[in-house]
Structure formats: C-alpha cells, structure tokens
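The values are calculated or read from the model by the stated rules, or taken from the named source; none is laboratory data. Owing to the predicted nature of the structure, the values given are computational and were not obtained by experimental measurement. A quick note on method: Cβ atoms are made from the backbone with ideal geometry, for glycine too, and the neighbour counts reach across all protein chains shown.
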Amino acid sequence: TELLLRAGRLADAVAQARDLVAEAPHGRAAVALLMRALAAAGEVSEALAVFQEHRRRLAEDQGIDPSREVLALHQRILRGEPDPVDARGRASADAAAAPRAPSVPPRPRARLYGRDAHLRALAGMLEPGRCVTVVGPGGVGKTAVAAALAAGRPGPVWWVDLAELQSEAEVIPAVAGRVGVRTLGGGRREALLAALRGNRGLLVLDNCEHVLGAVAGLVEALLVRGADVGVLATSRERLGVSAEQAFPLPPLQLPGHGRTPATIAEAVAGSPAVAFFVERAAAADPGLVWDAAAIRDVTGLVIELDGLPLAIELAAGRSGAIGFAELRDRLSGHLDLIRSGAARLPARHRTLTATLDWSYRLLSSEEREVFRGLAVFAGWFDLAAVDAVLGPDAAVVVPGLVERSLLTRRPGPGGTSRYRMLVTVRAFAAGVTDERERRRLEAAHGSWSLGLARRAASGLEGPDERYWAELLEAGLPDLTAAFGNALSADDTDLAAALVGSLHRWGDYRVRPDVLGWTDRLLSRRRDGWPPGVYLAAATHAWMQGNPRDGLDLADLAVRAAREQGLLLLEGRGHEAAGDLWLALGELDAAADAYGRAERAATASGHAFDALLAADGVLLALAWSGAPVAAQVRRVLDALPAVPNPTARSLSLYCVGEAWAGSDPPAAIDLLTEAVGIADGVGCTLVTSVATTALMAVVSRSGAYGANDLGRLAGTVRALVAAGNRNLLVTLLRNLSTLLGARGQHAAALELLAALQATAGQHPSWGDEAEALRAVEASARAHLDADAVRAARRRGSARSLTEAADEAVRALTGPDGSGPVSG
Ligand SMILES: Nc1ncnc2c1ncn2[C@@H]1O[C@H](COP(=O)(O)OP(=O)(O)OP(=O)(O)O)[C@@H](O)[C@H]1O
Ligand SMILES: [Mg+2]
C-alpha cells in the first residue's frame, strides 16, 4: 500500500488499505494507511470517518484510545496538511490549486419513486450563485434526491458528505479536501473560496444539520460576495443564510382514501409509497404472494409509516421475517421492529430509532422535553392545545421543532397552524419518555380531550354545527387515544365522561365505531355507570340491529339519570327508547316514549331536545296513520327557536313523512330540503333516513331520474361504510320495492331473500310490509318457478353487505341505469 501511495495510484491504495482494515479493524498501521490513502485521494471526510470508527471500536472492544501516531495523523488531516509522501510527490499542490477533477456523487438509485415533479422543480431552482437546501425529516430521501439531481448535471459536481463529521471545525477541511485545495491552516478557507467562486460547477453539501453553523458560514461567504458556483445542500434544518432557498421535501404520496385496489399493479400505480414498498419487499422475499389481504396490509402499512422512504425500505426489508399484518399492528409500540443489518446503509439509517436519535441529540434539553410531551397528541394539534396540555412555555418551542423537521405544519382555520408528528417520530418520542412523565402527560391530555368533546357537544346543537363537527372529526384520533389511555389507567370516570359526551354526535353522524367503546367500558366491573354511557350503548345497540338490548340500556339510562336528578339526560333516555320502539314497529310505545322525552326536555328548558322529541312523536303518529296536523304545527312552531341544521333537517324530514301520503309533491320538496341541509353539515343519519323516505315517495309516484338513483346508491354505500345495519335494512327494503317497480324482478327478489335471511331482528310492518309482499307477488307473476327458486337461492346466500353491493349494481348497472317508466 505504501508503494501504491508513493506511486500516486490512490484508488488502488485505498482499495488495498480497506482490505487490510477489514481483516484487522483494530490494527493501527492498517487504519493509518487507509486514512492517509483516503486523504491523499481527496476523501477527507471518509478519512475522518475511518478514524472515528477506529476510535469507537477501540473504546468499545478494548476500552483504549487510538495510538499517538494515529491521533497525530488525524490532527494533520484535520489541519489539511499534505501527506509526507504526497508533499514530496507534488510540491505544487501547496498553492491554491484550481479545483481538481470533481468527485463523483454517489450513484443515484436506479428508481426514485414519486420524485419527478420535485426533481424538475429543484433543477429549475439550481442556478449559479444560489444555494438550494433540500429540507425534511430523516430518511425522507433528501440525499437520494440530491444524488439524482447531481447525476443529471452537465458541469462539474463536488459531492461532500458531512454526515460523519464530528464537529464544525471539520467542515472546511472536508470541503477543501474534496475540492482539491491543499493550502494549510489559515489560508485554506480563502483558497477554497477562491477556487470555488469562479467555477460554474455545483457544490453539494450533503447532511448538514449537525454542523449548520460552519456550513452556513461557508455558504454565506461563498455566495454573498457573488460566485459562479451553485450550492445544493441537504439538511433536516435549513441553513438560515440569506442566499438560501429552502425546498421542503415531503414524504412519498400515499394511497388515496376509499376503495382498496383490486390488484397489486393497481396499488403500485396508485401510490409511489406502495410502489417502493413492493419493490423492496419483493427483493427481500421473491416468493411473496400479493393477495387481497397483502395488498390491504401493505396499503395500511405505508400509511402508518407516513410514506417515509427510509421507514418503508426498512419495513419492507423485513418481509419474510415478519408478516405485514403483524408489522402493522405492532409498529407504533416497537419502532425497532423495522431495522436492517445491511452494511450498505450508514449506521444512522439501520434503524429508525438511530435516524431519529440523530435529530433528538441535536435538541436542547428544553426542546427535548417539549418534543417528548407533544407525542401525547395522536392527531393534528394547535398551539392552544399545546398551551393547555404542556403549559404556556411549551408553545414557544414548537416552531423550532418544525424547523428541525420533527413536526409537520399545515395551515389551520383563521390564519392559525396545525401541527402533527409523523407516526414513527411519535413512536420514537414515546420510547424516550419515562413512565411517570407519560402518566402525567396522559392525564393532562385526557382532561383537555374531555373539554374538547364537551365544547363540541354543545357547539353541535347551535348554528355553527359544521364547524364543531369538523373540529370533532379532526380531534377524533386524540379522543380515541384519550379513551384508551383512561381505560389503561383505570380512570373509568374519564372514559365514561368521554363516551357520554360523544353520544349525540355518534348518533347523528352514525358512528358505531365510537359508540361501540361502551362495550369495552360496560365489560368492566362497576356499580352502575353514568347515564351517558347507557345512552351511547343503547344507540349502539340500535345501530347494530339489537333493539331489545337497546331498550334495556335506554331504561338503565333513564333510571341512572333519575337517581342523579338529571332531567335532561332522563329525557334523552326516553328519546333513545322512542327510536328503539320505532325500529320494532311499536308505534304507540314510541309515541309515548318521545312524549316523555319532550316533557322532560321542556321542563329542563332545553329547546333543542324538546324539538327532537317532538319530531319523534310526529314520526310515530305519521307511521301509525293517526292524525298529524296538530303535531306538525307544534314542530313548525318550535323550529325558529332552534337555529340548528340537524334539528331543522330532522324536523323537515318528519313533516315530509307525515305528508307523504296526502301531499306527495309537498313531501318531496321537504324531504329534498332535509337531505340538502343534513348533507351540508355531514349529518349522516338524517341524510340517510330522508333519502330513504324521498326514494319511497318518489318511486311510488314513479317520477325519478338518474340523479335520484345515484343519490340512492351513494346512501347505500355510506351506510355500508358506516356499519349501520338498522338504517341499511330499511333502505334496502325500499330499494327492493323500487327494483320491483322498475321491472327488475329477479334483482328485487334476490334482495328480498337476502334481507329475510339476514335481518331477522328487524321486523317489517305497515306500508313497508305490504310493499314487500307486493314485490314478492309481482316477481312470482313475472318469473317462472325455476327463476324464482334460483333468485331466492342466490339472494339468501348473500351477506347484507354483498346484497347491498348487488342491489346497487342492479340499480346503476348497464341494464338498470336511467329512469324506467310505467
Ligand atoms: N423516492 C425514493 N424512491 C426510492 N427510494 C428512496 C426514495 N427516497 C429515498 N429512498 C431511499 O430511502 C433511504 C433514505 O433516503 P435518504 O438517505 O436520501 O434520506 P435523507 O432524507 O437524506 O435522510 P437523513 O436526514 O438521515 O440524511 C435511502 O436508502 C434511499 O435510497
Ligand atoms: Mg441524507
């Protein structure tokens, strides 16, 4: 090696010295040779990295420091002094030489996913005399993007990887070594600036965040006085110099919400994040089978990983070792499940913990504390939430964490900002939080969450319903986390209060997922629960299609409220019972329960609840064929005092139902208005019932168009997605009538058979039962016996969801689209 070095065959010298070090990593002679060879080849930062690695190994394995010779060599390299051999061989190198042959940037990845637009934009920004900094979280792909850009440049490129530098003092030597400036000591900086300034090449400073000051100083000195060279930097935090243009690099685009793709090709085409995952997974385990479950799990995984390329690469690399579903389930608690032993990766990229630790170490202790604290938020939060949960001093630190790419920011309403931690970042932060700190944070977060739920519950009854609904929807990840934390901490009071305050919202937005929290609560031992828990559970039972259980729960709600003297909640218990009696077709009992609810609400001075209960009374009367005029008047008189979209749309719907038989055109107007209002505030419940009623009236009068069918299909899909069996059954019964009226007898009969097979708990009665009998009779009249049997067999083999899919297809498919008259 020494000979190769003397002969100036530097690449060979480096290769041979590397082999020597690989054989004897603790050997000082081999290490010294490698450092010298690298330094002579201009690879100063590598030479320094070899030293650091050597020192670390000695310390860890043998507990000793490097030899005096190696330390002296390190100092020499740092000062930029030429190798003794080098100095003899090339005396002229002392002067501020013209930049030598530029170093080769790392070979770009064969395929860079989802970065075409970013690369185009960046290429347009790179100009002589300008500095562009690619900024983003660790592992987002800054270096990969820079490598692709550098590879596409026509002119010279000097690539300097700063990742391994230990101090700011090493920056100038590393860059100078790269550029080939061999001047010593104090003059080196000036020589470097002079060498670069007049050159139209591109200087790439990769991974700057830990030596920002020195890099900023260099770039400022280079560009402020005018230079031809362009600078491309990558950093988790911007340099903060005047000539800099920061380019925030987002994670890879995620799959859109909605339907899971049917094939892996479709999934790959739909999202670069999925495409990258699939490439890495197939490389790790070529035998992978991409069935529907694997597609679903991978789609979920890349979302859970926030589309962060490094996280995707590490996770996908585990394919074959851990199943996707398991990886996905355990990820947030076990960040180190995703790791790699690949030597090709720098140490800080072998685990996500190491990647994040790199950023964490660069924080002050105050910033670290706030960073850990913010992990208590599960979703987007604003500064007011930070104030409330972490105290007023914490909010000051938040912008700094955004600048360091540890938080993501997006604009919120009214000029505010919202912040979020990537899932993996949050898992890291939780991992460095101790038990006591975590408990304290979760307690504060729990009270804040309850406050949010309560404010929203009352806001939802007022004129700004939409605002509060969106706020609650956005806060749902936090409310869910708060509920789970409360259960883990055995704080059943808090958990109960949370569910209770979400009852109305969950009812009107059809959220069995949230109302179903009550299952977890009620399975715990406790002497009685607050009425809100029983209310939520009763509504949940209603949605699940278990009206009998629901009635028992509504009764428990009434008793609990009465015992505690909570008249308003007692009324709500009666109201829930009314809904359940309606589902059972017990119209007198329903009218009676709603009547009690109305009296309780009026007595407690709650106009909103009183109107809702009055609506219920009206519905029960209308469906039983009783006179409705007086009750319609009560509802319409009460309406102006309750300026709330849901209350208004529910009332219009009930009046529409009341007039459906006697005045169809007026009913159609009211129901259409009800659908419009409910839809506008996302009130799924009223949208669904009013659409169903509208379709029933419209199909009876035969005047419907393609738009109506589209709306109907949309409502079916929404109810399937929401998991509301109760409303779905009602809607599908109407749909079966409609199909029959359109002459699609086989489809109508299939749907009917499916309903009879799956909807045992939902009795049909009155007009509805009669209509269904007519569907059956008409099908038998139009089809032969074999066709009837076949249709019934097909239908009864279907689940409710499958039946819904089939019905929508029959309604909107090629043979079903467009209005049918007659
Ligand atoms: N768009 C992409 N397509 C495919 N692979 C990518 C993409 N972006 C990044 N990668 C891969 O992900 C890994 C992490 O990327 P990279 O090293 O560029 O991250 P970084 O943002 O520079 O991280 P750090 O802040 O730690 O330096 C690398 O292995 C890289 O090859
Ligand atoms: Mg990087």
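Things to note:
- With respect to the conditions (1) within 16 Å of ligand 1 (Cβ to nearest atom); (2) assigned to a helix (DSSP H, G or I), residue 140 falls short on a single one, namely (2).
- Residue match in the stretch 614-626 (condition: of a type in the set (S, T, N, Q) and modelled with pLDDT of 95 or more): no
- Residue 209 vs. criteria among the charged types (D, E, K, R), in contact with a Ser or Thr (Cβ under 8 Å, 6 or more places away or on another chain) and either assigned by TED's automatic domain parsing to the domain that holds residue 46 or modelled with pLDDT under 90 (or both): no
- Filter pass, residue 121 being more than 10 Å from ligand 1 (Cβ to nearest atom), farther than 24 Å from residue 358 by Cα and modelled with pLDDT of 95 or more: yes
- Residue in the stretch 138-152 that is out of contact with any Lys or Arg (no Cβ under 7 Å at 6 or more places or on another chain) and surrounded by fewer than 17 Cβ atoms within 10 Å (Cβ to Cβ) present: yes
- Among the candidates 200, 178, 182, residue that is within 16 Å of residue 38 (Cβ to Cβ) and in contact with an Asp or Glu (Cβ under 7 Å, 6 or more places away or on another chain): 182
- Single residue of the stretch 223-242 satisfying the filter (touching a Lys or Arg at 6+ places or on another chain (Cβ under 8 Å) and within 17 Å of residue 201 (Cβ to Cβ)) that is modelled with the highest pLDDT: 231
- Within the stretch 122-134, the set of residues being touching a residue at least 40 places away in the same chain (Cβ under 8 Å), surrounded by 13 or more Cβ atoms within 10 Å (Cβ to Cβ) and not hydroxyl-bearing (Ser, Thr, Tyr) comprises 122, 125, 126, 128, 129, 130, 131, 132, 134.
- Here residue 158 meets the list (1) within 13 Å of ligand 2 (Cβ to nearest atom); (2) within 27 Å of residue 51 (Cα to Cα); (3) crowded, with 21+ Cβ neighbours inside 10 Å almost entirely, failing just condition (1).
- Of all residues making up the stretch 527-568, the number that are hydrophobic (A, V, I, L, M, F, W, C), surrounded by fewer than 22 Cβ atoms within 10 Å (Cβ to Cβ) and in contact with a Pro (Cβ under 9 Å, 6 or more places away or on another chain): 3
- Residue match in the stretch 469-478 (condition: in contact (Cβ under 8 Å) with a residue 60 or more places away in the chain and part of a loop (DSSP other than H, G, I, E, B)): no
- Positions within the stretch 297-321 being part of a helix (DSSP H, G or I), of a type outside the set (Val, Ile, Thr) and either within 16 Å of ligand 2 (Cβ to nearest atom) or without any contact (Cβ under 8 Å) to a residue 40 or more places away in the chain (or both), in sequence order: 297, 300, 301, 309, 310, 311, 313, 314, 315
- All of 590, 610 fail the test of being in a helix (DSSP H, G or I), crowded, with 18+ Cβ neighbours inside 10 Å and in contact with a Ser or Thr (Cβ under 7 Å, 6 or more places away or on another chain), apart from 610.
- Subset of the stretch 109-121 that is assigned to a loop (DSSP other than H, G, I, E, B) and more than 16 Å from ligand 2 (Cβ to nearest atom) - its residue that is surrounded by the fewest Cβ atoms within 10 Å (Cβ to Cβ): 110
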